[in-house]
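What follows is a set of notes on a single structure, which appears directly below.
None of the figures in this text is laboratory data; all of them are computed from the coordinates on show. This is a predicted model, so every value here is computed, not measured. Methodologically, a virtual Cβ is constructed for each residue, glycine included, from the backbone with ideal geometry; neighbour enumeration extends over all protein chains shown.
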Amino acid sequence: MIVVNIYAILSAILFYTKKIRPEPFVMGSFIWLMLMIAIWYILPYTIYKKSSTFKDRFTIFFYNEEIRLDNGQGMAIWKWAKFNKYFESTYFFHLYFDSKSFFLIPKDSLTTEKQTEIKKLLQEKIHP
């Protein structure tokens, strides 16, 4: 992806300075567009469509000792000590087990009051 982006930028610069004909610029733009469509739309759609995990409904419970994730077919429980840090972004709470594995909690179904409560709990329970 980086190579395609560099090619697209370089071909745009060279086309603008009249060093190359329009064909390489158009080809680079087309390749870039196809790659972006594949990464942003086709790939996620095929992955999410095949996996039943992404179709399930999950309920998360925050307790003083642990977090419990339930979907009706089973549950997972994590003690607070399992998490070594957390990060809050615009749409998610990111709970990190280690530097490479984390758990996302979407904010879209939480009220502002509930988000504040969760933020307080995370600050209290997860110490980096």
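Listed values, structure above:
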{"item": "Global size of the chain as Cα Rg and Dmax, reported in angstrom", "result": "22.0, 66"}
{"item": "Positive dipole terminus of region 48-128, leading residue within 101, 80, 59 (C-beta point charges)", "result": "101"}
{"item": "Cross-link table 79/100; 82/125; 55/100; 85/120; 85/119; 82/120, entries beyond 22 Å C-alpha to C-alpha", "result": "55/100"}
{"item": "Gain on full stretching of the segment that runs from residue 94 to residue 112 - 0.36 nm per residue minus C-alpha separation", "result": "4.8 nm"}
{"item": "Residue-wise HN-Hα coupling along region 98-107, computed from phi with Karplus coefficients 6.51, -1.76, 1.60 (Hz; x: Gly, Pro)", "result": "8, 5, 10, 10, 8, 10, 9, 10, x, 8"}
{"item": "DSSP-loop GluC sites (Glu not before Pro) across region 1-93, with at most 10 other Cβ within 10 angstrom", "result": "65"}
